[in-house]
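The values are calculated or read from the model by the stated rules, or taken from the named source; none is laboratory data. All values reported here derive from a predicted model rather than from experimental measurement. Glycine gets a Cβ as well: all are built from the backbone with ideal geometry, and neighbour counts include every protein chain shown. Remember, those area values only see protein heavy atoms, side chains included, never the ligands or the DNA or RNA. Shrake-Rupley method; radii C 1.70, N 1.55, O 1.52, S 1.80 Å.
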Amino acid sequence: MKNKFENANEAFEYFLNEIRCNGVEFGDTKALFNVGFYLNNPTLRAITTKERKWSVDYAEAEWQWYLSGDNNIKKLGDLYGKIPPIWERMADDFGYVNSNYGYQWQRSDWNGTSQFAYVISLLKQNPETRQAAISIYDAKEHPKYKNDTPCTYAIQFTIIDGKLCMSAYMRSNDLWYGFCNDQYQFSQLQQLVASMLDIEIGWYYHHAHNLHLYNNKL
């Protein structure tokens, strides 16, 4: 299976075909397991396949929502002009979700330092650190996961040859909706961290334990 792509759309088209042809029946999906691949140029994040009808306006609104650190879907509605039904289904009775990844990476430790700030500090102090990781799926939050379980375990940053490389590890990833928008958010985060370190970005590695398409997209 191919594991290196120049951009996100190239990866999307390849795995769209792979899942349709070789995916295994799993619940209401076809799925591939333990899929990992590199994007050589993470800044080329637009999904241009006509069949997908991907919206950069929505992806950018979601990015701005993540940057705000506000995990209430009303904020996304303010930014985008409406709230996508999937977020309404995932929200609790007060409109809050767990899967706003910006809210997650801005969570603070007992000392008041956010995960985001901690990663920046580590990379500045030691460019060869192996500890610059942000956790998203958190076992301590299991009781909150009834309607909204984060699809991403963690994100890790590493400086290699003076460039910021990043890996995203996902427990479950719907190719059609999830990957297209997730890679946009994660690559934006990679670019943001690189800019704060004043270095270039390198590769982006994306790993999904379960990469799938729902049956209505087959």
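Structure data summary
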quantity	calculated
Amide H contacts under 5 Å for Asp174, placed H, 5+ residues apart	Phe179, His212
Whole-Hz couplings from phi, Karplus 6.51/-1.76/1.60, listed for segment 57-63; x for Gly and Pro	4, 5, 4, 5, 4, 5, 4
Under the Karplus curve 6.51 cos²θ - 1.76 cosθ + 1.60, θ = phi - 60°, whole-Hz ³J(HN,Hα) for segment 156-165, x wherever Gly or Pro sits	10, 10, 9, 8, 10, 6, x, 10, 7, 9
For Ile201, residues with placed amide H under 5 Å, excluding near neighbours	Leu164
GluC sites (Glu not before Pro) within segment 1-58, DSSP loop, no more than 13 other Cβ atoms inside 10 Å	Glu6, Glu51
Top of Gln185, Gln115, Gln125 by mean-square fluctuation, Gaussian network on the chain, Cα under 10 Å	Gln125
Accessible area per residue, Å², segment 1-110 with all protein chains present, probe 1.4 Å	55 Å²
Residue-averaged 222 nm ellipticity for the chain, from DSSP H runs of 4+ at -39500 (n - 2.57), nearest 500	-10500 deg cm²/dmol
Sparse-neighbour loop sites [GluC sites (Glu not before Pro); segment 85-181; at most 15 other C-beta within 10 Å; DSSP]	Glu128
Near-label residues of segment 87-125 by backbone N, under 16 Å of a point 7 Å along Cα→Cβ of Asp78	95-97, 103
Highest-fluctuation residue, Gln156, Gln191, Gln131 considered, GNM on the chain with Cα pairs under 10 Å	Gln131
Contour excess over end-to-end distance, with Cα ends at Lys144 and Arg89 and 0.36 nm allotted per residue	18.4 nm
Rounded percent of accessible protein surface that carbon and sulfur make up, the chain, 1.4 Å probe	49 percent
HN-Hα J in Hz across segment 122-135 - Karplus 6.51, -1.76, 1.60, θ = phi - 60°, x for Gly and Pro	4, 5, 6, 6, 9, x, 9, 4, 10, 10, 7, 10, 10, 8
Linear extension gain, Ile199 paired with Phe26, 0.36 nm per residue minus alpha-carbon span	58.1 nm
